[in-house]
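**Student:** Below you'll find the structure I mean.
No value in this document is a laboratory result; all are computed from the given coordinates. Bear in mind the structure is a predicted one, so any value in this text is a computation, not a measurement. Counting neighbours? That spans all protein chains shown, and the Cβs are built from the backbone with ideal geometry, glycine included.
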C-alpha cells in the first residue's frame, strides 16, 4: 500500500550515462534509460535482470553514491543529491570489520548513530538471537562461516533501524542450501520490521520467494 505522504523511494524518469575511454577517443555508455519506479512504505520490491543490466547502478544512485545524468531520485520526498545516510545498504560482501567481534560489528552503525552502549548491546544481542548466532558474540569474522558472516552483515544493517534498505544480491556468493536458509530468515526479519526494501537479484525463483512485487 502507498504511504499517505507518497512513496518512500521515488525514481522518476532516471537516466545514467557514463563516459568511457577508447583508443579512438572518449565515448559514452548508457547504463540506464528512462527508469521510473515507486516503492511504498513497507513494500518489498525486487529488481530482476541479467548481470550488467544496471540493477546495481540503480541501487548506487538511490544510495546517493552515483548521481543521475537526468531525472530525479527522491527518498521520503526529498531529492537524493548526496550520500543517503538514512538508508541501509547490504551488498554482496558481508563487509565486516576483521578487528571487531560479531557483537562489535553488529553494534557499529548504532555507535555512529550515538546510541548509548547499553542500548547498543541489548539491541545487538536481540538481533544476534533472531538469526541463531547466540554464543558467537565474541568470535571474529575469520572464525565464522560464510553463512554466519552474511547473517551478521544483514543484522548489522537492520539493528540501527533504517526506514528503508537496499540489498544488492546479498546471497549471491553462498551455496544453494545456505541461500535458502538465509532467504527464510530474511523473510522472518522483514515480517518483524516491515522495512521498505529494494532488493536486487538475477534469480527469478529467489525474487518470487521474497517479494511483494517484481520489476
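**Student:** Working from Cα positions, state the angle (0 to 90°, nearest 10) between the long axis of helix 146-159 and the longest principal axis of the chain.
**Tutor:** Compared with the principal axis, the helix lies near 80 degrees.
**Student:** Taking the radius of gyration and the Kirkwood hydrodynamic radius from Cα positions alone, what is the Rg/Rh ratio for segment 147-198, to two decimal places?
**Tutor:** Expressed as Rg/Rh, it is 0.94.
**Student:** Sticking with this one: So what's the chain giving for Cα Rg divided by 2.2 N^0.38 Å, two decimals?
**Tutor:** This ratio for the chain stands at 1.06.
**Student:** Can you tell me the Rg and the Dmax, both Å, for the Cα atoms in segment 116-215?
**Tutor:** Just the Cα atoms of segment 116-215 yield Rg and Dmax of 13.8, 42 Å.
**Student:** Please report Rg over Rh for segment 36-82, where both radii come from the alpha carbon positions and Rh follows the Kirkwood definition.
**Tutor:** Answer for segment 36-82: 0.95.
**Student:** What percent antiparallel are the DSSP beta bridges of the chain, to the nearest 5?
**Tutor:** 55 percent
**Student:** Just subtract the alpha-carbon distance of residue 17 and residue 204 from 0.36 nm times their residue separation and send over the number in nm, one decimal.
**Tutor:** Once the chain is fully extended between residue 17 and residue 204, it gains 64.6 nm.
**Student:** If packing is taken as the average number of other Cβ atoms within 10 Å across a peptide's residues, how do 88-94, 179-185 rank, most packed first?
**Tutor:** 88-94, 179-185
**Student:** Need one word for segment 20-104: rounded, prolate or oblate. Basis is the Cα gyration tensor (sqrt eigenvalues a ≥ b ≥ c); a/c below 1.5 gives rounded, then a/b vs b/c decides.
**Tutor:** Note, shape of segment 20-104 comes out oblate.
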